[in-house]
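Undergrad: First, the structure itself, so that you have it in front of you.
The values are calculated or read from the model by the stated rules, or taken from the named source; none is laboratory data. The structure presented is a predicted model; accordingly, all values stated were derived computationally and were not measured. Ideal geometry is used to build each Cβ from the backbone, glycine not excepted, and the neighbour counts take in all protein chains shown.
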Amino acid sequence: MNITRTVAPLLTAGLLTLAGAVAAQDVKLPETTPALERGKANYEKFCSACHGANGVGTDKGPPFLHRVYHPGHHGDGAFFRAAKQGVRAHHWPFGDMAPVDDVTETEVQTIVDYVRALQRANGIF
Ligand code: HEC
């Protein structure tokens, strides 16, 4: 076993979390619209179990209110790919993300719009 490859991502993730995450109690909510409400409902149905209420993350998945998910680092296409194909663990110690089979592309678009609005409200970009 390569100890550097095993431990380094854990350390990196810990540092990134300290440096960049927005704590749950500090989240600023975007001004709501009917479209964002739909995105929020879809997000809560399909994504929040791991990515957390309002995108703050959980012990099963990373926060979206984090500079790692700035649109310049992970564009909207990453969300469609993640939902369809899943994600191999590479940034964090949470493990792989399995594909989310039941979500449609139309629903993913509403989720992306909601996550971007949350990110904007919290100064991620
Ligand atoms: C069962 C837990 C789980 C669920 C449910 C889940 N994710 Fe994830 N997701 C993860 C984990 C874990 C990662 C981090 C993988 C890594 O980079 O280490 C991740 C990473 C991502 C990424 C980053 C992809 C990349 O290219 O690095 C995106 C985007 C994403 N998820 C979107 C979603 C969306 C959208 C939903 C809902 C439709 C969703 N996830 C539901 C666990 C989950």
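Undergrad: If you take the residues in segment 83-125 that are among the aliphatic types (A, V, I, L, M) and over 25 Å from Pro34 (Cβ atoms), which one is surrounded by the fewest Cβ atoms within 10 Å (Cβ to Cβ)?
TA: Initially, segment 83-125 is screened for residues among the aliphatic types (A, V, I, L, M), giving 83, 87, 89, 97-98, 100, 103, 108, 111-112, 115, 117-118, 121, 124.
Still in the list and also over 25 Å from Pro34 (Cβ atoms): 87, 89, 97-98.
Working: Val87: 19, Ala89: 13, Met97: 20, Ala98: 10.
Step by step, filter segment 83-125, then rank; the result is Ala98.
Undergrad: Counting residues that are aliphatic (A, V, I, L, M), which helices (runs of 4 or more DSSP H) fully inside segment 30-89 reach at least 3?
TA: On the way: elements: 34-46, 48-51, 76-85.
Of the helices (runs of 4 or more DSSP H) lying wholly inside segment 30-89, those with at least 3 residues that are aliphatic (A, V, I, L, M) span 34-46, 76-85.
Undergrad: Go through segment 74-83 and give me each residue that's under 27 Å from Glu31 (Cα atoms) and either charged (D, E, K, R) or at pLDDT below 95 (or both). Lay out the reasoning, then the answer.
TA: Our first condition is that a residue be under 27 Å from Glu31 (Cα atoms); within segment 74-83, this holds for 74-80, 82-83.
Hit for segment 74-83 is Asp76, nothing else.
Undergrad: Kindly list, by first and then second residue, each pair from a residue in segment 22-45 that is of a type in the set (Gly, Ala, Ser) to a residue that is part of a loop (DSSP other than H, G, I, E, B), limited to pairs with Cβ atoms under 8 Å and residues at least 6 apart or on different chains.
TA: Ala23/Val56; Ala24/Gly52; Ala24/Val56
Undergrad: Could you tell me how many of the residues in segment 84-125 are hydrophobic (A, V, I, L, M, F, W, C), within 24 Å of Ala24 (Cα to Cα) and near the ligand (Cβ under 7 Å from one of its atoms)? Spell out the reasoning first.
TA: Restricting attention to segment 84-125, the residues satisfying the condition of being hydrophobic (A, V, I, L, M, F, W, C) are 87, 89, 92, 94, 97-98, 100, 103, 108, 111-112, 115, 117-118, 121, 124-125.
Right, trim to within 24 Å of Ala24 (Cα to Cα) and you get 89, 92, 94, 97, 108, 111-112, 115, 117-118, 121, 124-125.
Among the residues that remain, those that are also near the ligand (Cβ under 7 Å from one of its atoms) are: 89, 92, 94, 97, 108, 111.
Result for segment 84-125: 6.
Undergrad: Filter segment 43-80 down to the residues that are over 21 Å from His90 (Cβ atoms) and buried (at least 22 other Cβ atoms within 10 Å of the Cβ) and list them by number.
TA: First, the residues of segment 43-80 that are over 21 Å from His90 (Cβ atoms): 43-46, 48, 53-54.
Once the filter is applied, which keeps residues that are over 21 Å from His90 (Cβ atoms) and buried (at least 22 other Cβ atoms within 10 Å of the Cβ), segment 43-80 yields Tyr43, Asn54.
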